[in-house]
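The values are calculated or read from the model by the stated rules, or taken from the named source; none is laboratory data. Predicted model, so just to flag it, every value in this text is computed and none were measured. Counting neighbours? That spans all protein chains shown, and the Cβs are built from the backbone with ideal geometry, glycine included. These area figures cover heavy atoms from the full protein model, side chains too; ligands, DNA and RNA do not enter into them. Shrake-Rupley method; radii C 1.70, N 1.55, O 1.52, S 1.80 Å.
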Amino acid sequence: GAGVVVDVQTPDIETRMAIVRKELLQKHAGITLPEDVVRALAERLDSNVRELKGALNQIVMAHELGGATINIGLVQQTIDKLYAAQG
């Protein structure tokens, strides 16, 4: 609004993976994700950190409430639902 131009870049894969790990520690203590699941989330959701965190929350809830196994398949289902909801 004040004429400031900011170049906002999307975070790289390592940063997105670190975001997933940090989010787990801060909000989902006791839940661990296999490294391939962390990587799959970070690879597939590369443009929006909010979507990344939202997908992680959905995955954890599916595990905690529904007993879903946290694996690549659950990541794929969650991301597919996310994109389907967006239209």
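Quantify, in whole percent, the carbon and sulfur part of the accessible surface of the chain (1.4 Å probe; protein heavy atoms only).
The value for the chain is 53 percent carbon and sulfur by accessible area.
If the chain between T32 and Q9 were fully stretched, how many nm would it gain, using 0.36 nm times the residue separation less the Cα-Cα distance?
So the extension gain works out to 5.4 nm.
Run the numbers for Q76 and A62: contour at 0.36 nm per residue of separation, minus the present Cα-Cα distance, in nm.
Net length gain for the segment: 3.8 nm.
Where the only charges are on Cβ atoms (+1 Lys, Arg; -1 Asp, Glu), what is the dipole of the chain about its Cα centre, to the nearest 20 debye?
240
Which angle between 0 and 90 degrees, to the nearest 10, do you get for helix 72-86 versus the longest principal axis of the chain when only C-alpha atoms count?
Relative to the chain, helix 72-86 is tipped by roughly 50 degrees.
Specify the angular offset, from 0 to 90 degrees and rounded to the nearest 10, of the alpha carbon long axis of helix 49-66 from the longest principal axis of the alpha carbons in the chain.
Its long axis makes an angle of about 10 degrees.
Which of the three applies to the chain, rounded, prolate or oblate, going by the alpha-carbon gyration tensor with a ≥ b ≥ c and a/c under 1.5 meaning rounded? It would help to have the intermediate numbers written out before the result.
Values: a/c = 2.08, a/b = 1.66, b/c = 1.25.
Prolate is the answer for the chain, as a/c is 1.5 or above and a/b outweighs b/c.
Helix 13-27: angle to the longest alpha-carbon principal axis of the chain, degrees 0 to 90, nearest 10?
Tilt of helix 13-27: around 60 degrees.
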